[in-house]
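See below for the structure under consideration.
Here, each number is a calculation from the coordinates, and none is a lab measurement. Everything quoted here is computed from the prediction, not taken from an experiment. Methodologically, a virtual Cβ is constructed for each residue, glycine included, from the backbone with ideal geometry; neighbour enumeration extends over all protein chains shown.
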Amino acid sequence: MPTRPAWYRRRGPDGPSPFQPLLDSAASAVHRRIRSGSRAPIVVAAAAVPLTVGVIAARRRLGLHPAVTLTLGCLPPLGLAIAVPKGRPRYAAVAAGYLHLFKLGWELPYDHPDKLRRRLWIDRPIRFDTVVGLGVPPGLRLQRALRRRGEVTAFDKLVTVVYGSWFLPHILLIYLAARHEEFVPRAGARLAAAYHLTCPFYFFAPEAPPWWASEKEGRMGGEVERVARLVVCDVLKRPPPKEGAAPGNPWGSMPSDHISSAAITAMGLSEVGPVYGVIGWSYVAAASFAIVYLGEHYVADIVVGLAIAELVRRSEPLAAPYVRAVAHAVDYE
């Protein structure tokens, strides 16, 4: 990927939409309404955030349809973008809103595990990885070669640290907000897109991770362990959690959002220069090894995660006019 000038890394590719006049007109109308001096839009936006978060938290009791829940989940980031003044506080608030939306998109399919279980992928990713691994899934091959069953080694702990560093792209955003604030909007939008494009898979392609397929269903001879869990229990000196005690969605494995977010960050670093690109892609390689060795993901999940990052990169010229229109609409200072 060629080194890009600062203006490109800040703004991204230009390319007007065929609906550009309509976009500009609508964005300007909303922009003028927010800047009109009336506090009503800001008050309504601020009030909508806790209200929608509360309704989402009670979605099971209220019997909300998943489509309605996801639509409501989109309101907090937008409301925070309107209600919080421009600058670093807005970046932090909108980031929190997007993280809430992603967490919702990941957890929501598991609200009805019995229905999800009927569509669960268990053997399909194993078959793909068996082909990739020349007869043995790479995760199983790695654990056979590098694991000492019944023990937690220093190597296990090191790889778990790499796996636990999924937040590094967010740390980079915090650094940009502190030192180079002008680069935050584009970098944040690309990272958010890489995360959120994984969410449809959790609904339409629920997949059991390798450790679950092995431990719960006996696939791969029951040899693949959830190493990260063993490491955490060993470090904290506590027994493994009981069945069903862990929150979240155990079948939200396809694709790896860890890899998609790391890859889109590496692409951004590559635009700065080759050295930064090597650092970014080295982390992608290390994280890919970690999630396969630890039994958290298949190689198939990595492939789809990388494809999502590439899709974000290639579709940026098409999406940029619409994203900029929304940004102009809420940028009231």
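With +1 assigned to the C-beta of every Lys and Arg and -1 to the C-beta of every Asp and Glu, and no other charges, what is the dipole magnitude of the stretch 120-225 about the Cα centre in debye, to the nearest 20?
It comes to approximately 200 debye.
Which order do the peptides 265-271, 218-224 come out in when sorted by mean C-beta neighbours inside 10 angstrom, highest first?
Averaged packing, sorted descending, gives the order 265-271, 218-224.
Just check the stretch 68-207 against the gyration tensor rule for me: Cα atoms, a ≥ b ≥ c as the square roots of the eigenvalues, rounded for a/c under 1.5, and otherwise prolate or oblate depending on whether a/b exceeds b/c.
Taking the square roots of the gyration eigenvalues as a ≥ b ≥ c, the stretch 68-207 is oblate.
From the residues Pro200, Leu168, Trp211, which one has its Cα farthest along the dipole of the stretch 140-240 in the positive direction, the dipole being from +1 and -1 charges on Cβ of Lys/Arg and Asp/Glu about the Cα centre?
Towards the positive end, the residue furthest out is Trp211.
Hey, which lysines would be in cross-link range of Lys86, C-alpha to C-alpha under 26 Å, not counting anything within fewer than 8 residues on its own chain?
Straight-line reach from Lys86, under 26 Å: Lys103.
Considering only Ala192, Ala213, Ala58, give the residue with the highest GNM mean-square fluctuation for the chain, with springs between Cα atoms whenever their separation is below 10 Å.
Sorting by GNM fluctuation, first place goes to Ala58.
Gain in length, Phe289 to Arg238, computed as 0.36 nm per residue apart minus the alpha-carbon separation, to one decimal in nm?
Fully extending the segment from Phe289 to Arg238 adds 15.7 nm.
Set the Förster distance to 51 Å, then compute FRET efficiency between Ala145 and Val43 from the Cβ-Cβ distance, nearest 0.05.
E(calc), rounded to 0.05, equals 0.25.
With +1 on the Cβ of every Lys and Arg and -1 on the Cβ of every Asp and Glu, and nothing else charged, how large is the dipole of the chain about its Cα centre, in debye rounded to the nearest 20?
Computed charge dipole of the chain: roughly 520 debye.
Among Tyr298, Tyr110, Tyr195, whose mean-square fluctuation peaks in a Gaussian network model of the chain (Cα, cutoff 10 Å)?
In the Gaussian network model the winner is Tyr110.
Going by Cα centres, the stretch 256-274 and the stretch 20-93 are how many Å apart?
29
Taking the stretch 51-99 on its own, what percent of its Cα-Cα pair distances exceed 13 Å?
Summing the P(r) of the stretch 51-99 above 13 Å gives 56 percent of all pairs.
Could you give the semi-axes, largest first, of the ellipsoid that matches the stretch 227-333, computed as the square roots of 5 times the alpha carbon gyration tensor eigenvalues and rounded to whole Å?
After diagonalising the Cα gyration tensor, the semi-axes are 33, 19, 14 Å.
Filter the DSSP H helices in the chain by two things, a Kyte-Doolittle mean of at least 1.0 and an axial alpha-carbon span of 18 angstrom or more, and list the hits by number.
Helix filter hits for the chain: 40-57, 274-293.
I need the peptides 249-259, 274-284 ranked by packing, meaning the mean over residues of other C-beta atoms within 10 angstrom, with the highest value on top.
249-259, 274-284
What is the magnitude of the charge dipole of the stretch 43-142 about its Cα centre, with +1 placed on the Cβ of each Lys and Arg, -1 on the Cβ of each Asp and Glu, and no other charges, expressed in debye to the nearest 20?
20
For the stretch 145-207, count the residues as N, evaluate 2.2 N^0.38 Å, and divide the Cα radius of gyration by that value, please.
So the stretch 145-207 has a normalised radius of gyration of 1.64.
Using Stokes-Einstein with the Kirkwood hydrodynamic radius over Cα pairs, what translational diffusion coefficient do you get for the stretch 29-122 at 10 °C and a viscosity of 1.306 mPa s, in µm²/s rounded to a whole number?
107
Write down the radius of gyration of the stretch 124-172 and its Dmax, each obtained from C-alpha positions, in Å.
Considering the stretch 124-172 through its Cα atoms, Rg and Dmax are 14.3, 39 Å.
Report, to two decimal places, the Cα Rg of the chain normalised by 2.2 N^0.38 Å (N = number of residues).
1.08
What is the fewest-to-most order of Leu311, Leu80 by other Cβ atoms lying within 10 Å of their Cβ?
Leu311, Leu80
Where the eigenvalues come from the Cα gyration tensor of the stretch 1-159, what are the semi-axes √(5λ) of the equivalent ellipsoid, largest first, in whole Å?
Its equivalent ellipsoid spans semi-axes of 43, 26, 18 Å.
Just how far, in whole angstrom, is the stretch 304-333 from the stretch 144-175 if you go by their alpha carbon centroids?
One Cα centre to the other: 31 Å.
Given the options Pro113, Pro18, Pro50, which has the most mean-square fluctuation in a GNM of the chain, springs set between C-alpha atoms less than 10 angstrom apart?
Pro18
Report the GluC sites (Glu not before Pro) located in the stretch 81-181 that are in a DSSP loop and have at most 12 other Cβ atoms inside 10 Å of their Cβ, or state none.
The qualifying sites are Glu151.
Multiplying the sequence separation of Glu107 and Arg88 by 0.36 nm and subtracting their Cα-Cα distance, what value in nm do you get?
Stretched fully, the Glu107-Arg88 segment lengthens by 4.0 nm.
Based on the alpha-carbon gyration tensor of the stretch 274-333, what equivalent-ellipsoid semi-axes (square roots of 5 times the eigenvalues) come out, in whole Å, largest first?
Semi-axes, largest first: 32, 15, 12 Å.
Hand me the trypsin sites (Lys or Arg not before Pro) from the stretch 240-333 located in a DSSP loop with no more than 15 other Cβ atoms within 10 Å, in residue order please.
Loop-located and lightly packed - Lys242.
Skipping prolines and chain starts, which residues have an amide H placed within reach, meaning under 5 Å, of the one on Trp121, given they are 5 or more residues away or on another chain?
Long-range HN contacts for Trp121: Glu207, Ala208.
With labels modelled as points extended 7 Å from the Cα through the Cβ direction, what inter-label distance (nm, one decimal) is found for Val55 paired with Phe204?
Label at Val55, label at Phe204, 2.6 nm between them.
Between Val132 and Ser282, how high is the FRET efficiency from 1/(1 + (r/R0)^6) when r is the Cβ-Cβ distance and R₀ = 25 Å? Nearest 0.05.
0.70
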